[in-house]
Amino acid sequence: MYYCGIDIAKHRHELSLLDEAGDSVLSMHFANSQKGLEKLLCALKSLKVEPENVLFCMEATGHYWLALYCQLNELGYQLHVINPIQSDALRNLYVRKAKTDKKDALLLADLVRLGRAPVTQIASETTLKLQTLSRLRLEFVHQVGGLKNRVLGILDRIFPEYPECFSNVFIRTSRELLKSYPEPELLAEADLSELTAFLNQHSRGRLHRDRAEQIQALAKGTFGIRMALDAFTLELKLLVEQIEFIEEQVGILEEAIEQVLEEFRTDPEQPYRHVLETIPGIGTVLAAAIIGEIGDISRFPNAKALVAYAGLDATVRASGQFEGTRNRISKRGSPTLRNSLWLAAVTARRFNPELKAFYDAKRAQGKHSGVATGAVARRLVHLIYSIWKDNRPFESDYKWVPPGGDN
């Protein structure tokens, strides 16, 4: 049996091949391309290494490992993929601090030779679609949040009273107003009847003359600066337009996510929802993100492993007689999964009676809101694992207690 470690890079991979005794049989590099793959296969063929007699191990370095993984997998090779955090921790076992591509490839080969690398199965096509779309959606949502903060920053300088005009600065009427009247002076000098008609039109009849008078009065007495006003107003207008554009793209992504989820719904007359969608607090978007990150629930031996994968497990600090009490969540897992579970927990603590009672009990113990929400998220993971593993929908009267207490 042979053991092959591959250090992944964007343009060129480094390979180390060991025999059962741990002796080096082959050390080479090859390009991350079809020609590079052919070079690798020729080298293995010259050594008479058949697919069933070699185990590969590689790091999940960015997305650069995926093409090589798929190619070797189609050829029948058995592959192991590990998190770079794991290999980095093993590298620290060596006294001399040395990191080169050759040493990393050798480390990976030795890791699989010792049986310390788990067998990896690539996600299904449907799962990969959900993962890709959900991650992009989350990225866009974060971008919108950043742009909104910039808009508020500009208003703080040129028209600090503006947020008093609306319940939310970013509702449709407010956006249209900022695009058409970006300067406080324009609002102050606007014809009151025209401003009233503008607000009435864009609010669909909900805002009238009294709101127009309020906005105009605030604009006339604003405490905002006038320095570089033309630059600030141009930035304001462009940022609002960019927010609307990205939000439109978010809507397109959500439609695509819904279409992919339909692949889980086999009967068109009686649409079947994935069991995650039956849990209060988990809608279509969050269900898609969670499914895309977890993939096959059977690859996790228990709910605690899933909690750790999400990075919601607590860090442990203990040495001798010392045991830390101010432990934080590790945040070592999938950030998309952790974010989705956290959002689901925020909703579940309001609408799921059992989790609401659990949250309230934590708060009554003096726990901070964030700490209590983290506890809800961990309990939610146990619930997700349980009903997904059993493939049964959530039932409101089902009394469930996670093993080991509040994990």
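The values are calculated or read from the model by the stated rules, or taken from the named source; none is laboratory data. Please read these numbers as outputs of a predicted model, since none were measured by experiment. All Cβ positions, even for glycine, are placed from backbone atoms using ideal geometry, and neighbour counts span all protein chains on display.
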- Note on the structure: Of the residues in region 156-165 that are crowded, with 19+ Cβ neighbours inside 10 Å and of a type outside the set (Val, Ile, Thr), the one that is farthest from Ala212 (Cα to Cα) is Phe159
- Query: How many residues are surrounded by fewer than 19 Cβ atoms within 10 Å (Cβ to Cβ) and over 26 Å from the mean Cα position of the chain (by Cα) if we restrict to region 349-363?
  - Reply: 6
- Do you know which of the residues in region 1-25 that are under 14 Å from Leu108 (Cα atoms) and without any contact (Cβ under 8 Å) to a residue 24 or more places away in the chain is surrounded by the most Cβ atoms within 10 Å (Cβ to Cβ)? Asp19
- Can you give me the number of residues within region 56-75 that are within 16 Å of Val112 (Cα to Cα) and of a type in the set (D, E, K, R)? 1
- Task: Can you tell me which residue among Leu253, Leu261 is within 30 Å of Glu277 (Cα to Cα), crowded, with 18+ Cβ neighbours inside 10 Å and modelled with pLDDT of 95 or more?
- Result: Leu253
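Let's see how each residue does on (1) among the hydrophobic types (A, V, I, L, M, F, W, C); (2) in contact with a Phe, Trp or Tyr (Cβ under 9 Å, 6 or more places away or on another chain); (3) modelled with pLDDT of 90 or more; (4) assigned by TED's automatic domain parsing to the domain that holds Ala287:
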| site | (1), (2), (3), (4) |
| --- | --- |
| Val307 | yes, yes, yes, yes |
| Ser319 | no, no, no, yes |
| Thr325 | no, no, no, yes |
| Ala344 | yes, no, yes, yes |
| Tyr359 | no, no, yes, yes |
| Ile384 | yes, no, yes, yes |
| Trp400 | yes, no, no, no |
- Task: Output the qualifying pairs, or none if there are none: Cβ atoms under 7 angstrom, residues six or more apart or on different chains, first residue in region 59-73 and among the small types (Gly, Ala, Ser), second residue in a helix (DSSP H, G or I).
- Result: Ala60/Pro84
- Message: Tell me yes or no: at least one residue of region 93-114 is at pLDDT below 60 and within 27 Å of the chain's Cα centre (by Cα).
- Response: no
- Task: Give the residue, chosen from Leu207, Leu199, Leu195, that is touching a residue at least 24 places away in the same chain (Cβ under 8 Å) and in a helix (DSSP H, G or I).
- Result: Leu199
- Query: If you take the residues in region 163-182 that are out of contact with any Phe, Trp or Tyr (no Cβ under 8 Å at 6 or more places or on another chain) and in a loop (DSSP other than H, G, I, E, B), which one is nearest to Lys148 (Cα to Cα)?
  - Reply: Phe170
- Which of the residues that make up region 217-249 are outside any helix (DSSP H, G or I) and more than 15 Å from Pro163 (Cα to Cα)? Ile225, Arg226, Met227, Ala228
- Note on the structure: Checking Ser124, Ser180 in turn, the sole residue that is among the small types (Gly, Ala, Ser), under 30 Å from Val260 (Cα atoms) and out of contact with any Cys (no Cβ under 8 Å at 6 or more places or on another chain) turns out to be Ser124
